[in-house]
């Protein structure tokens, strides 16, 4: 258990945040969200009683890597941390709550668990006059004028991901509301899918971003499944003998096949797919009759046969 002191108990805004946590978060129970037990007042100061979570924050992990000369986090690892915390946001949004101040400082790593901590900025999504506290470089541009939203929370998650994977010291100044172009950033040239994801998730207009945490998670999983350009460059080109004949029919030109039925463009002796010989069923009568055809297995119903007049052609 931990006591978190409110910075200024005499400040009505700070006290309002403490009361808001007690009212909103008493019913929040999620394995990836720190538990809030109570808000107490002692000697004129307010304290939040919350669950103790040991470990390191993502900001600490990032700082230690840079001090060791290892640079930012690997893309796969940063995406894994983001995917682990997205269910917590989906849960909060389902309760009608907005987190408002997501950043690497507020993600705690405890063994294999990832926890969302510091819920001091949480507000209701339907609050007409919310007290919003954000952090420059992570806060969406429309929050100050239009208030919190699901899209603004997801914007902060995408900005945090960009800070984790990029060496971007200007994320709070020059690149406060934008990302470096692929011509300026080598990582984006290698991972085009990641760049497209971040561009959509951090779009200037909220309507152009992801609208649900589940949608963002699916998009991130797709980024993981799609390798970078360097990995794709190591793949062999598709063999000309494996032309898709299933949809396009026979290839326009004959396939060069060496003796033995193997393909020259591969080191292995993988046999070539050949167009199979098939038989087509033509129901000329109430029984069944089979006929050789080059179009695969097909069946013509009795009703269609009569409509086409095939029954009177004496076939």
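The values are calculated or read from the model by the stated rules, or taken from the named source; none is laboratory data. From a predicted model like this one, the values you see are computed outputs, not experimental measurements. Positions of Cβ are generated from backbone atoms using ideal geometry, with glycine treated the same way; all protein chains shown enter the neighbour counts.
Can you tell me which of 210, 195, 133 is modelled with pLDDT of 95 or more and assigned to a loop (DSSP other than H, G, I, E, B)? Break it down into steps so the answer makes sense when it comes.
Numbers: 195 fails: assigned to a loop (DSSP other than H, G, I, E, B); 133 fails: modelled with pLDDT of 95 or more.
Testing whether each residue is modelled with pLDDT of 95 or more and assigned to a loop (DSSP other than H, G, I, E, B) leaves just 210.
Which of the residues spanning the stretch 55-85 are part of a loop (DSSP other than H, G, I, E, B), out of contact with any helix residue (DSSP H, G or I) (no Cβ under 9 Å at 6 or more places or on another chain) and closer than 29 Å to residue 191 by Cα?
Passing the criteria: 68, 69.
Only one of these is over 28 Å from residue 168 (Cα atoms), out of contact with any helix residue (DSSP H, G or I) (no Cβ under 6 Å at 6 or more places or on another chain) and surrounded by fewer than 15 Cβ atoms within 10 Å (Cβ to Cβ): 47, 91, 52. Name it. Steps first, please.
Working: 47 fails: surrounded by fewer than 15 Cβ atoms within 10 Å (Cβ to Cβ); 91 fails: surrounded by fewer than 15 Cβ atoms within 10 Å (Cβ to Cβ).
From the options 47, 91, 52, the qualifying one is 52.
For every residue, the table says whether it meets (1) within 21 Å of residue 62 (Cα to Cα); (2) assigned by TED's automatic domain parsing to the domain that holds residue 217; (3) within 21 Å of the chain's Cα centre (by Cα); (4) touching a residue at least 60 places away in the same chain (Cβ under 8 Å).
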| residue | (1), (2), (3), (4) |
| --- | --- |
| 145 | no, yes, no, no |
| 149 | no, yes, yes, no |
| 152 | no, yes, yes, no |
| 165 | yes, yes, yes, yes |
| 170 | yes, yes, no, no |
| 175 | yes, yes, no, no |
| 181 | no, yes, yes, no |
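Any chance you could count how many residues in the stretch 89-118 are farther than 10 Å from residue 58 by Cα and either part of a strand (DSSP E or B) or outside the structural domain of residue 63 (by TED's automatic domain parsing) (or both)?
Going through the stretch 89-118 one residue at a time, the tally reaches 6.
Residues of the stretch 183-203 being farther than 27 Å from residue 97 by Cα and in contact (Cβ under 8 Å) with a residue 40 or more places away in the chain, which ones? Reasoning before the result, please.
First, the residues of the stretch 183-203 that are farther than 27 Å from residue 97 by Cα: 183-196.
Answer for the stretch 183-203, where residues must be farther than 27 Å from residue 97 by Cα and in contact (Cβ under 8 Å) with a residue 40 or more places away in the chain: 187, 189, 190, 191, 194.
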